[in-house]
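Values quoted throughout were computed directly from the atomic coordinates according to the rules given, and no laboratory measurement underlies them. Values in this document were obtained by computation on a predicted structure and should not be read as measured data. As a convention, Cβ positions derive from the backbone with ideal geometry for all residues, glycine included, and neighbour counts pool all protein chains shown.
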Amino acid sequence: MQRIVICLCFLFLSASAFADQLLLIKKDQAQKAVEVLSKYSGKPMLFFCGCCDNDKGEVITLKTVEAREFKSPYLEDMGELYFYKVFITYTDSKGMPDSGSIDLAYAWLQVKGKALNVADACGFDYDPCVTNKHFAWTGKKKPVLPKQKKKK
């Protein structure tokens, strides 16, 4: 039984290996993201994780953005006790208000008829896990999402 539990834990951890690329970031990165995202208040944003199987994406309307400090004793081993998250308020695709922290690698802005990943807009390294990271997107509807890269 103990082996099964251990295997399930490793399976869960390996499945989320790509999941949080730019969720916990350093203060200067969070400040840069707030600076960039603040320019898009009232505009559409796409939540789409190209690294996640079967993610259908969701278009939201960005309202506000701020950096929030995140403290975790589990991060002390990395030499950092404090990290930051980018926290937004938004209107979801059904018109309902919502809020939460975002992973910058899986948030996309609409710029000149194309999708621009927030991490790209900020100049951060990331893996979008898609074959075309500058796909067409106009209007407030969900764009045709790009294909995932083949997993190695």
Practice problem: Any chance you could list P(r) for region 20-122, counting all Cα-Cα pairs in 10 angstrom bins from zero, rounded to whole %? | Solution: 15, 47, 30, 8, 0
Quiz prompt | Burial order of peptide ranges 45-52, 101-108 (average beta-carbon count within 10 Å, highest first) | solution = 101-108, 45-52
